[in-house]
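**Q** Just passing along the structure, written as structure tokens.
Please treat every number below as a calculation from the coordinates, not as lab data. Bear in mind that the values here come from a model prediction, so they are computed numbers and not experimental data. Note that each Cβ is placed from the backbone with ideal geometry, even for glycine, and that neighbours are counted across all protein chains shown.
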Amino acid sequence: MRGATKGAIAVGVFLAMAGGAGYGMYAMVGDAGEGGAATATAAEVGSGPPTAAETLTTAKAFLAAWAAGDARAAADLSNDPEATQYAVADYRTKAHITRAVITPGTPRGALVPFTVRAEVSYDGHSKPLAYASSLTVVRGLTSKKPLVDWQPAVLHPQLRRDEKLRTGTPDAPPVRITDRNGKELTADAYPSLRRILDELRARYAPRAGGKGGTELWIEPALADAPKRTLLTVDPGRPGSIRTVLDAGLQAAAERAALRYQDASVVALRPSTGDVLAVANHRTDGFDAAMLGTTPSGSTLKIVTAEMLLDRGLVTADGPAECPATVSWYGKSFRNQGGFSLSGASFGTAFARSCNTAFIKKIKAVDDDAALAREAREVFGLGLEWHTGVASFDGDVPEVAGAEAAAEYIGQGRVRMNPLTVASVIATAKTGVFRQPVLVPADWDHRPVATAERTMKPEVAAQLRQLLRQTAVSGTAAGAMAGVPGPKGAKTGSAEVDGRVNPDSWFTGYGGDLAAAAYVAGGGHGGEAAGPLVAAVLKAG
């Protein structure tokens, strides 16, 4: 009892008396020393700042009324009676704080520190509560009596204006979220998962089982502000949500993303569509890995190449035209750095990421909507994905003219993110679109998107040949060195208005693991995004 044995307030302690209505009743006992009788009627009308005696007497009387649960008496000793009465009454009836022993300390001028030792009791569970606070005694503006200057912090030092103490069961039981192997996933250990973990709890807490506990918390003044827990009375029994994430790969993806500002990475398993890792390194906290909507550059040539192969307009080993520039509907398209290839195969043009070789074929396709349909019907882009959390499932819209040519190389109105790009190369690897999921679909019986068509086996084989050539001897070779096979990859650089350097994109697979990465303003895909993908593939 800090200061309770010093000076003239040596007798200022509260002792338990017989209780009433389940709430501990306390009074102050002592001699008629400097403080005089500690009653609500002891205050004298005066002028100027309260004297030491007035400060002590008023503080003792106020604390005694509060400890006894006498909200009316406490209000009469405050300069804001209405707020005080509600707060002291709520302390017992809504915060469920009982058996309060409030001990004053040594005053420092008009400020009187005190300690509270009490008990929070709710729904058959109790737990001790102890804290220190203080009050200030001032002269009433009209009554001229010494009064407690009411502030919410008098009741508890962490309370701010219009905030309240409340005890009860939280809105939902606690939820433990784990990876595919049962390892707990937390935002402290895996910061990139914060948005995903919060959303999983919000969506699936009722299905996760568990039993709600009991907490004492601070109810915020603003409806959308978070509650602040002060004391866990009963932790309850947490529910459980098992994701298909892999904690080891998640850690590897988090480390990889840290190499660049504004970097995002996604890893998934092509044979199942399971999302194994989602990582972002951004100052704004945005989950660009799953919610981003930006052109993905030449990584979309995987879709364009599959469409051309399916229509018999190219073969992996057949010839391809790759001039330095080409024009379509008055818009000029060029290869990065202005290179050209003479006598090259389509496989070489793909591996070197020759833009003009693709746009040269748009006249033979003779259908501006063909690429959009192929993206949707074979790769599942633009369908309504149900991953378990909010995600953007890509958009390759039907356009015409020069915009259609831009889409062939992943520019124009194409909108993608690392999740969708990883799904594209996973579909290319297996020949079958499997919608990415974070939570198994059978856990909550939600529908998953299915593509209208699967690739023809001969088309899938040639597409894998193109991706392997790119990974072994093309623009992705440097980044993919050391990644175990069978492997394939594709680089991408997307020009975005307002950026000096293009965005860096890269996607690749090694065995039954695929990944995609994006670095805003990172330049060539193989130089920035490529090493991020390679690091994740090697970790798998």
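**Q** If a/c stays under 1.5 just call it rounded; otherwise compare a/b with b/c (prolate if a/b is bigger, oblate if not). Do that for the stretch 247-539, with a ≥ b ≥ c from the square roots of the Cα gyration tensor eigenvalues.
**A** Values: a/c = 1.45, a/b = 1.30, b/c = 1.11.
Judged from the Cα gyration tensor, the stretch 247-539 comes out rounded (a/c under 1.5).
**Q** Taking the Cα centre of the chain as origin, sum charge times position over the Cβ atoms of Lys and Arg (+1) and Asp and Glu (-1), and report the length of that vector in debye to the nearest 20. Show your work: numbers first, answer last.
**A** On the way: 57 positive and 54 negative charges, 192 e Å.
Using only the charged Cβ atoms, the result is roughly 920 debye.
**Q** So if we plug the beta-carbon distance of Leu313 and Arg207 into 1/(1 + (r/R0)^6) with R0 = 45 Å, what FRET efficiency do we get, rounded to 0.05?
**A** On the way: r = 49 Å, r/R0 = 1.08.
Between Leu313 and Arg207 the formula returns 0.40.
**Q** Something else: If we sort 212-223, 372-383, 506-517 on the protection proxy, mean other Cβ atoms within 10 Å, highest first, what's the order? Can you show the working numbers first?
**A** Details: 212-223: 16.9, 372-383: 22.2, 506-517: 29.4.
Going from most to least packed, we get 506-517, 372-383, 212-223.
**Q** Where does each of 470-480, 155-165 land if you order them by average Cβ count within 10 Å, highest first? Let's see the in-between values first.
**A** Details: 470-480: 22.5, 155-165: 16.5.
The peptides rank, most packed first, as 470-480, 155-165.
**Q** Name the helices (complete DSSP H segments) of the chain with a Cα length along the long axis of 30 Å or more and a Kyte-Doolittle mean of at least -1.0, or state none.
**A** Values: long enough: none.
Membrane-span-like by this rule: not one helix.
**Q** Return the sequence-ordered ³J(HN,Hα) values of the stretch 311-324 in whole Hz as given by the Karplus equation 6.51 cos²θ - 1.76 cosθ + 1.60 applied to θ = phi - 60°, using x for Gly and Pro.
**A** Taking θ as phi minus 60°, the curve returns 8, x, 7, 9, 10, 4, 9, x, x, 8, 8, 9, x, 5 Hz for the stretch 311-324.
**Q** Take Arg108 and Thr294, extend 7 Å from each Cα along the Cα→Cβ direction, and tell me the distance between the two endpoints in nm.
**A** 5.2 nm
**Q** Can you tell me the FRET efficiency between Ala89 and Asp512 if r is taken as the Cβ-Cβ distance and R0 is 60 Å, rounded to the nearest 0.05? Walk me through the intermediate numbers first.
**A** Details: r = 63 Å, r/R0 = 1.06.
After rounding, the FRET efficiency stands at 0.40.
**Q** Tell me, in nm to one decimal, what length is gained between Thr325 and Lys227 on full extension, where the rule is 0.36 nm per residue of separation less the Cα-Cα distance?
**A** On the way: separation 98, 0.36 × 98 = 35.28 nm, distance 5.95 nm.
The span from Thr325 to Lys227 would gain 29.3 nm if fully extended.
**Q** Now a separate question. Just to confirm a number: summing +1 for Lys and Arg and -1 for Asp and Glu over residues other than Gly526 whose beta-carbon lies under 12 angstrom from that of Gly526, what do you get?
**A** Here the count lands on +1.
**Q** With respect to the cross-link table entries Lys94/Lys127; Lys94/Lys145; Lys361/Lys487; Lys301/Lys538; Lys331/Lys361, which display a Cα-Cα separation exceeding 20 Å? Walk me through the numbers before you get to the answer.
**A** Working: Lys94/Lys127 16 Å; Lys94/Lys145 31 Å; Lys361/Lys487 27 Å; Lys301/Lys538 24 Å; Lys331/Lys361 15 Å.
Pairs exceeding 20 Å: Lys94/Lys145; Lys361/Lys487; Lys301/Lys538.
**Q** While we're looking at this one, here's another question. In whole Å, what is the distance between the alpha-carbon centres of the stretch 190-213 and the stretch 55-124?
**A** So the separation of the two Cα centres works out to 37 Å.
**Q** Here is a follow-up. With a 10 Å radius around each residue's Cβ, average the other Cβ atoms per peptide and rank 445-455, 193-203, 525-535, highest first. Could you put the intermediate results ahead of the total?
**A** On the way: 445-455: 14.5, 193-203: 18.2, 525-535: 27.1.
Highest to lowest by the protection proxy: 525-535, 193-203, 445-455.
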